[in-house]
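What follows is calculated from the coordinates using simple rules that are stated; it is not laboratory data. For clarity, every value in this text was computed on a predicted model and none was experimentally measured. Every residue, glycine among them, receives a Cβ derived from its backbone with ideal geometry; neighbour counts consider all protein chains shown.
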Amino acid sequence: MTVLRTFRLVALATVVLLVLAACASGDDTETTATSPPTDTNETSEPSPDDTAGGQAEAELPADELRLTLEQQLGHHARLAIEAMRAGVRGEPDFEAAGAALARNTDDLTSSIELVYGAEGAQSFRAMWENHINFFVQYTTGLATGDEAAREEARTNLDQYRQDFAGFMETASEGNIPADVVLQGLQAHVEQLIGQIDAFHAGDYDTAYMLEREAYAHMFGTAQALAGGIAAQFPERFPADGEQMSDAGHTATHVNDEVAQSDTEGDTLPAVELRATLRQQLGEHAKAAMVAMRKGVRGEPDFEAAGAALARNT
């Protein structure tokens, strides 16, 4: 694919975005994380019957919880990949990439606090930040040729999988089973490690393919988490007229193939349409920015970044 072709596709996608934005201008739905108010009187551990962090009485439609987690977890995957690639190349924006990833962690922590209170959020943050540090450890080992550091990072990530799966199963009272979390995290780890290995080796097509998979995977993860939370707290996260599946995202575009919804007939629930469009448009914005930055720097993966943007189109 030529550079000219790529930027024509960018222009076309930009027009589509502007039209969609105009159509959605009347939509009052908030698409960012809802930050819970601070409760300075909280002293107890989070529990299903406790007003942890002053949030037990708060209501958020289950669909909105799902969409918020999809956005935040998808953003995490893309930001982690950007930071790893900047680190392995020693690029000047590595610190800024790390700071953006940290802000995403803040957003996710706020969402967890909404559900499990301040103490649950603190536990989540500690484990989440550790797993990011383990990816950094792996990237550093790759850049310096330190195989022992890479193996240690893999061991640490495996332990993180066990710890986080146990945390989610306990916090959700079994509504988010540990084996489901373990399986999802295994894919997440392999996708992020696989893409940085390919990127470092100059196999940019594979690196960008795995990036798309990693981003899409987090939407299914978010749906499973939100489904478990809604089942645990149905009064706080009520169903919004449509049944939320706990099996994973049902309309996800990966590698130019569409996994069709299990919905009977031609009917697609509105939340599935929203989720699919949010995923695709969010991917467009990020892929376009990456391609533009690669182009202005003249980096060797520019063509692969443009091809990834074209696949999103």
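What to note about this one:
- Shown is the FRET efficiency for residue 285 and residue 162, computed with R0 = 41 Å from the Cβ-Cβ distance and rounded to the nearest 0.05: 0.75.
- Shown is the FRET efficiency for residue 144 and residue 313, computed with R0 = 41 Å from the Cβ-Cβ distance and rounded to the nearest 0.05: 0.65.
- Proximal charge balance of residue 143 [Cβ under 14 Å; K/R count +1, D/E count -1]: -1
- Derived scalar couplings between HN and Hα for the range 168-175 equal 5, 5, 5, 4, 8, 6, x, 6 Hz in order, rounded to whole Hz, by the Karplus curve 6.51 cos²θ - 1.76 cosθ + 1.60 (θ = phi - 60°), x for Gly and Pro.
- Length added when fully stretched, residue 170-residue 151, from 0.36 nm per residue minus Cα-Cα: 3.9 nm
- Taking label points 7 Å from Cα along the Cα-to-Cβ direction, residue 201 and residue 122 give a separation of 4.4 nm.
- Gain on full stretching of the segment that runs from residue 297 to residue 129 - 0.36 nm per residue minus C-alpha separation: 57.5 nm
- Each residue of the range 121-137 is assigned a 3J(HN,Hα), and the resulting list reads 5, 5, 5, 4, 4, 4, 5, 5, 5, 4, 5, 5, 4, 5, 5, 5, 4 Hz, derived from the Karplus form 6.51 cos²θ - 1.76 cosθ + 1.60 (θ = phi - 60°), x at Gly and Pro.
- FRET efficiency, 1/(1 + (r/R0)^6) with R0 45 Å, evaluated for residue 268 and residue 89 via beta carbons: 0.60
- Rounded to whole Hz, the Karplus (6.51, -1.76, 1.60) HN-Hα couplings of the range 279-286, x for glycine and proline: 5, 5, 6, x, 5, 4, 4, 5
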